[in-house]
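Since the structure comes first, as structure tokens, the remarks are kept for the end.
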Amino acid sequence: PAGANGEGPALAQFGDSIALAQADVPQAGWQAGTTQAVDLTWLAQAPTRGRYTVFLQLIGPAGPPVAQGDQEPWQGTYPTDAWLQDVPATDHYRLALPPDLPGGEYTLIMGLYDPTTQQRLPLLRDNKPAGESYTLATIHVP
């Protein structure tokens, strides 16, 4: 798999056709009650057979998500089944943090799923299933 500029490995491979080529996650500004922007650059490595939704989840120390954002790429105007092969494209996602979010260390994960079946696309490592989500960053909330 290639990175966003066609060189180097992708950050993550989902199914047999979708690569996460780059992720821009701010390291500062994560505070209770704020909305954070995350930019993800995608690369279709083969024709994509399904129309998938992207999820972002902020996972707390206890395990369950404390914030979640689900969005079809480009708000449905450029769905995954229309992506052009080998053409990187950057999309913008937002994640609203609850106003009562306690300070601490959190994990930001992402993945894709079929909105009809709720089935997640598998994360692949060395062409073998390696879970259903990719860890983008560890986030510190003051």
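The values are calculated or read from the model by the stated rules, or taken from the named source; none is laboratory data. All values reported here derive from a predicted model rather than from experimental measurement. Please note: Cβ atoms are built from the backbone with ideal geometry, for glycine as well, and neighbour counts cover all protein chains shown. These area figures cover heavy atoms from the full protein model, side chains too; ligands, DNA and RNA do not enter into them. Shrake-Rupley method; radii C 1.70, N 1.55, O 1.52, S 1.80 Å.
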Q.
At 1.4 Å probe radius, can you tell me the per residue accessible area of segment 1-137 in Å²?
A. 51
Q. When Lys and Arg each count +1 and Asp and Glu each count -1, what net charge do the other residues less than 15 Å away from Arg125, Cβ to Cβ, add up to?
A. -2
**Q.** Relative contact order for the chain, counting Cα pairs under 8 Å that sit 6 or more residues apart, in percent
**A.** 27
Q: Mind grabbing the base-10 log of I(q)/I(0) for the chain at q = 0.11, 0.21 Å⁻¹? Debye formula, identical points on the C-alpha positions, no solvent, two decimal places.
A: -0.39, -1.31
Q | Phi-based couplings in Hz for segment 109-123 (Karplus 6.51, -1.76, 1.60; Gly and Pro marked x) | A | 10, 8, x, 10, 8, 7, x, 6, 9, 6, 6, 7, 6, x, 7
Q) Extension gain Ala130-Leu84, at 0.36 nm per residue separation less the Cα-Cα distance, in nm? A) 14.0 nm
Q) Where does the charge balance sit around Phe55 when Lys and Arg score +1, Asp and Glu -1, over other residues with C-beta under 14 Å from its C-beta? A) -3
Q. Rounded to the nearest 0.05, what FRET efficiency is calculated for Arg51 and Thr138 with R0 set to 30 Å and r the Cβ-Cβ distance?
A. 0.45
(Q) Less than 9 Å Cβ to Cβ from Thr90, Lys/Arg counted +1 and Asp/Glu -1: what total charge do the surrounding residues give? (A) -3
